[in-house]
Amino acid sequence: MKRNGLKYGVLVLLLAVVAYNSVYFRKLDEVKAKGATSKFDAAAYAEAFWKTKLLPDSGKAVELIALIQQLKTDKDKAFEAHSHALSIGNLRYFLVRGTGKITAIGDHDVTVMLSNGSEITIATEYVFGNAARDASGLISLTEFDNTMDLNNVSAELNKIIRNRVVAPFKASAKTGQQIRFIGAVELNREHLHTDAIEVIPIRI
Amino acid sequence: MQIPLQTYRPVLLKFQSLIALLILCVAIGLLSDKFFTVANGWNVLRQISVNVCISVGMTLVVLTAGIDLSVGSVLALSGAIAAGLLRNGIELPANNLYIGFTVFGAIVAGLLTGSVLGGFNGWAITRFNLPPFVATLAMLTIARGLTMLWTEGFPITGLGDSFTFLGTGWFLGIPLPVWISGGIVLVVVLLMDQTRFGRYVYAIGGSESAARLSGVNINRIKMLVYTIAGGLAAVGGLLVTSRLDSAQPNAGTSYELDSIAAVVIGGTSLSGGRGSILGTVQGAVIIGVLNNGLVLLNVSPFWQQVVKGIVILLAVIIDKSSSRND
């Protein structure tokens, strides 16, 4: 009986020590207030990046016709010189610019014939992925604590593009219209298709 | 004088895993100059640490003639619970209370999660006399679903340096996960060789009815075995989560297969009662070296699956033929 009591006593003491070292208590509103100030604001980051980095830097975009030509003749050099990506893999992103004539307006994209006769599409429905975020190479991985924040920046940038670039473009685009555009392009280094280039528009 | 093969047969059978490992290492070493490097050695050991933890638990289960298909999902849920509590704590808005978890607390919570789920497996198997295959298959989906619910399908990241040290740190020049898995192996080897519990586990696997007639509390031992297996899967989950600094909702997918493979290749009989923890460790090393070798040799991931499957098949065939000859 005495031995059992001692056993349970030691067990309770052990549990108490474990519990004491496992948890701590705070007032919820204090934690929330602190969290609000330290939480990463992807929308604010994307807005600042859009205004102070991406748009001012878009002048450095590579001419799309020249890029396509270089991709056909020296793929590795073209990727080396003009592409960026924050993740490892074959998907790389290019910041491009070009001029051309709208030849077709579809539900999901607008087809543009470049001055050399080749056709590309400008996405107007499915603006997703990391092209807008990564193409300029102006964002560094070290700025983020975790991948979720990084992905949220892409989502916010794509939202900006849908609202501020795609919406007015869709409203005013007409077949035969001459346009100048700056955008981001995603290309696969291993499975390269230069005949099906889709541009995520950044400025039109 | 020619010595007949039969003379060597017992020795060959006893050291079959070790011989297979040796042949594998030599073959990969000849084909890849990166294999026999110190960095790659540590990399392989670090990678197999998780499988060793799970496989040691699986060995106990298989020794009782059972199987645990839920270890991969239990690993994921344990890691996710630990990461979620560490990162977000528990909010009780009605009491304006926030319960935060220290790294130690999160680890304890993860271990408890795995042990409780393992214990539930054992309870379902012994209480309702369910085949272990079915009970643990159900747990596989339950735990995976709970992981998805807990994480809402997103990784939980940013767990801090103290937590990630568990999976990425070094101690006395050896990766911490290797120390942890080595410690687990040592404790379980002692448990199996030096205690009544170990003898009961072998007895149940050898002949459950004979063990029952000898007065062994079958249900209690099985409950303990599945609880330990769940707890060790949780250790694996904590190592994976810590190493990645992230709890992935799909972590541990198909880990149960690697674990069963390690157990079988290590010479533990799937019909129970025969096998050893050290054999399983050898099996885990073989699987780890095989995985590493296939990657170094740039073999397609699809072919890697095929090769692993063939190796498991061969191990079972050898096991069966050696059982017949015993």
Could you check the simple spin-label distance between B:I174 and B:V306, using points 7 Å along Cα→Cβ, in nm with one decimal? 3.9 nm
Relative contact order in percent for the range B:44-252 (Cα pairs under 8 Å, 6+ apart) equals 43 percent
Value of Rg to Rh for the protein assembly as shown (Rh from inverse mean 1/r over Cα pairs, i.e. Kirkwood): 1.08
May I ask which residue of A:F79, B:V311, A:L138 lies farthest towards the positive end of the charge dipole of the protein assembly as shown, with charges of +1 (Lys, Arg) and -1 (Asp, Glu) on Cβ and the Cα centre as origin? B:V311
Please work out, to two decimal places, the log10 of the ratio I(q)/I(0) at q = 0.08, 0.10, 0.15 Å⁻¹ from a Debye calculation in which every Cα of chain B carries one identical scatterer. -0.38, -0.59, -1.25
Env charge @ A:F79, Cβ radius under 9 Å, K,R +1 / D,E -1, value +2
Could you list A:S136, B:S49, B:S55 in order of exposure, starting from the residue whose Cβ has the fewest other Cβ atoms within 10 Å? A:S136, B:S49, B:S55
Between helix A:64-73 and chain A, what is the angle of the helix's C-alpha long axis to the longest principal axis, kept within 0 to 90° and rounded to the nearest 10? 90 degrees
For the range B:26-151, what size does the Cα cloud have along each of its three principal axes, sorted from largest down, in whole Å? 65, 40, 22
At R0 = 22 Å, how high is the FRET efficiency between B:L12 and B:S271 if r is their beta carbon distance? Nearest 0.05 is fine. 0.50
Can you give me the C-alpha center-to-center distance between the range B:233-286 and the range B:46-71, rounded to a whole angstrom? 5 Å
If R0 = 22 Å, then A:T121 and A:R164, at their Cβ-Cβ distance, give a FRET efficiency to the nearest 0.05 of 0.65
Point-charge dipole on Cβ atoms (K/R +1, D/E -1) for chain A, about Cα centre, debye to 20: 900 debye
Size of electric dipole in chain B: Cβ of Lys, Arg +1 and of Asp, Glu -1, about Cα centre, debye, nearest 20: 740 debye
Under 5 Å, built H, 5+ apart or other chain: amide partners of A:N146: none
Rg/Rh for the range A:8-84, where both radii come from Cα atoms and Rh is the Kirkwood radius: 1.49
Residues A:L192, B:L159 in order from fewest to most other beta-carbon atoms within 10 Å are A:L192, B:L159
Suppose each label sits 7 Å from its Cα in the direction of the beta carbon; what would the B:D33-A:S172 distance come out to in nanometres? 6.0 nm
Could you check the spin-label model distance between A:M113 and B:V134? Points 7 Å from the Cα along Cα→Cβ, value in nm. 6.9 nm
Could you list which residues have their amide H under 5 Å from that of B:G266, counting only those 5 or more apart in sequence or on another chain, with H placed in the peptide plane? B:G283
Lys and Arg at +1, Asp and Glu at -1: add these up for the other residues within a Cβ distance under 12 Å of A:K32 and post the number. +1
Expressed in nm², what is the orientationally averaged projection area of the convex hull enclosing the Cα positions of chain A? 18.4 nm²
Of the convex hull enclosing the alpha-carbon atoms of the range A:30-129, the direction-averaged projected area in nm² is 9.5 nm²
Applying 1/(1 + (r/R0)^6) with R0 = 22 Å to the Cβ-Cβ distance of A:N151 and A:N188, what FRET efficiency is obtained, to the nearest 0.05? 0.65
For B:N250 and B:V295 in the same chain, what is the full-extension length gain: residue separation times 0.36 nm, less their Cα-Cα distance, in nm? 14.1 nm
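All of the numbers you see were taken from the coordinates with simple rules; none came from a lab. Note that the coordinates shown come from a computational prediction; the quantities given were computed from them, not determined experimentally. Note that each Cβ is placed from the backbone with ideal geometry, even for glycine, and that neighbours are counted across all protein chains shown.
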